[in-house]
1. It is to be established whether one or more residues within the range 32-43 are among the aromatic types (Phe, Trp, Tyr), crowded, with 18+ Cβ neighbours inside 10 Å and at pLDDT 95 or above.
2. Of the residues that make up the range 20-39, is at least one assigned to a loop (DSSP other than H, G, I, E, B) and more than 19 Å from the chain's Cα centre (by Cα)?
3. Are any residues in the range 114-168 assigned to a helix (DSSP H, G or I), β-branched (Val, Ile, Thr) and farther than 21 Å from Gln232 by Cα, and if so, which ones?
4. Is it true that some residue in the range 97-110 is buried (at least 19 other Cβ atoms within 10 Å of the Cβ), of a type outside the set (A, V, I, L, M, F, W, C) and closer than 22 Å to Tyr29 by Cα?
5. I'm checking my understanding of the structure. Among residues of the range 34-80 that are among the basic types (Lys, Arg) and in contact with a helix residue (DSSP H, G or I) (Cβ under 8 Å, 6 or more places away or on another chain), which one is farthest from Gln13 (Cα to Cα)?
6. Return the pair list, or none, for Cβ contacts closer than 9 Å from residues in the range 94-111 that are free of Cβ contacts under 8 Å to residues at least 24 places away in the same chain to residues that are of a type in the set (Gly, Ala, Ser), at least 6 apart or on different chains.
Amino acid sequence: MSQLDTLAAQIPQELRVKLMQHFGIAKEYEKNVETISITYYCLMYIANEALKHQKDKQFVSNVLDYLEATKRNNPNDDIIKSMTTGQTTIEELVTILVGETNEAEDDEYKNAEQLRSLMRKHYTVGGLTDVLSVFGPVKEDFLTLGKIAKSRAVAIFRDLKAGAGTGVPPAKPPEKQSPMKITPPSEIPSPVSHGHGASSSNAPFDTIARAQKLCRYAASALEHEDISTAVQNCEEVLELLRPYNNN
């Protein structure tokens, strides 16, 4: 049994559902010395959550010992040494994974193994956006990405339970719904001017870009019937654009 397996077995019962996913991500990235930093920050998140809930001081102490040992054994790892570099690295990884899930979602027919792989990748995106909280408040873009990824992972899990990808029709066919497409922050399109009205031309470039991004997030939220998030995004769009509405 690896040290991570030992730690996972010690996790307080009340936190198992919340944190076992993050142990799984940590273990996956521990396999490669070049990605041990991802494991490091996953364990930091786990320790923070356990401390926040004041659960099992011995468990927290053991996780902190693991972190110290990892740092000591990787003295030249710049990602571990610098929290700023760590945050940038995980944000970039999330963006890459989102691109991969979008590409996989484009395949209309997926077998069960492909669906399981896609589900795990969505769960990883969701878990890593949680981990970003160790660096401070998580950027809104990544909060949204994480929320959508978790929702999509649950949807795929239900599809698999219903027989998707096996060639056997589900007992109750799910409602036809287009797969979720997520727009990573680095892939948000630039605003395009259509020349309609003078008021739109008065809005700054970055304001229009921000409004477009929020509209896309609102649409994504509605795909999963997340009305609260959609309303919040739409209200932010109105707040952004109202000062430039001369009509």
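The values are calculated or read from the model by the stated rules, or taken from the named source; none is laboratory data. Because the structure is predicted, anything quoted here is derived from the model rather than measured. Neighbour counts run over all protein chains shown; Cβ positions are idealised from the backbone, glycine included.
1. yes
2. For the range 20-39, residues assigned to a loop (DSSP other than H, G, I, E, B) and more than 19 Å from the chain's Cα centre (by Cα): present.
3. Thr124, Val125, Val131, Val134, Val154, Ile156
4. yes
5. Lys71
6. Partner pairs satisfying both residue conditions: Ala104/Ser117; Tyr109/Gly165.
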